[in-house]
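Below is one structure, written out as structure tokens; comments come after it.
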Amino acid sequence: MQPRVAGVLLAAGEGSRLGQPKALVEIGGQRLADRGVALLRAGGAAPVVLVTGAAAVDVPGTVVVHNPAWSTGMGSSLTAGLTALRSLPQDVCSAAVIALADQPLVGPESVRRLIAAHTGGAGIAVAAYDGRPRNPVLIAREYWDEVLAMAHGDAGARPFLRAHADLLTLVESGDTGSPDDIDTPDDLARVAKVLSQGDEA
């Protein structure tokens, strides 16, 4: 049976350097939360869990999970997202692609490639850009308990991935987009310019 892969969008941050919660930041007339959900859907992930925190945000058709501990860091948001998916049967969700709302230049093709790697047998697949592992990340259900046990503070899945470097499948995605973060107003302006150039092309 074809494995079914869910999506988890981490969109709980307050965006202290941006001056507003990242989920609500608009770029090209679209909120980062909407862009992130669209990325996962276009890449083939379903259902999509949207983890919120600093701001209430709703995207139609998603499973919205509020993380009351959002201020402790990404680890608690990852925990909230994967915990929500654990209630689904194995045949509905055999893995999850985890993406970050503040990386709007990531392309749907990277998600498709991660899912294809999982279909081919990969339990942990990480999008790489010029050989460097970044985001998004796919983690098979069999590893979720260990991910949850190690997700603390702002590290998210990083401690788990470092502990299991031998199991990682790097999926080159440098031709599909960029994992650039939006943390500051300068980042926002730069990414908005890249997106506008893409729209004009």
(request) Give segment 9-40 a look and list any residue that's over 22 Å from V194 (Cα atoms), touching a Pro at 6+ places or on another chain (Cβ under 8 Å) and either in a strand (DSSP E or B) or free of Cβ contacts under 8 Å to residues at least 60 places away in the same chain (or both), or say none. (result) E14
(message) Suppose we filter segment 1-15 for residues that are closer than 18 Å to V191 by Cα and either surrounded by fewer than 24 Cβ atoms within 10 Å (Cβ to Cβ) or touching a Phe, Trp or Tyr at 6+ places or on another chain (Cβ under 6 Å) (or both); how many remain?
(response) 1
(message) Anything in segment 48-79 that is assigned to a helix (DSSP H, G or I), of a type in the set (G, A, S) and buried (at least 24 other Cβ atoms within 10 Å of the Cβ)? List them, or say none.
(response) S77
(message) If I ask for residues that are within 20 Å of V25 (Cβ to Cβ) and touching a Pro at 6+ places or on another chain (Cβ under 7 Å), which ones from segment 43-69 would you list?
(response) A54, A55
(message) Consider segment 41-81. How many of its residues are under 18 Å from V147 (Cβ atoms) and either of a type in the set (A, V, I, L, M) or touching a residue at least 60 places away in the same chain (Cβ under 8 Å) (or both)?
(response) 15
(request) Could you pull out the residue among A45, A6 that is part of a loop (DSSP other than H, G, I, E, B) and either at pLDDT 95 or above or touching a strand residue (DSSP E or B) at 6+ places or on another chain (Cβ under 6 Å) (or both)? (result) A45
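The values are calculated or read from the model by the stated rules, or taken from the named source; none is laboratory data. Keep in mind that what you see is a predicted model, and the values were worked out from it rather than measured. Ideal geometry is used to build each Cβ from the backbone, glycine not excepted, and the neighbour counts take in all protein chains shown.
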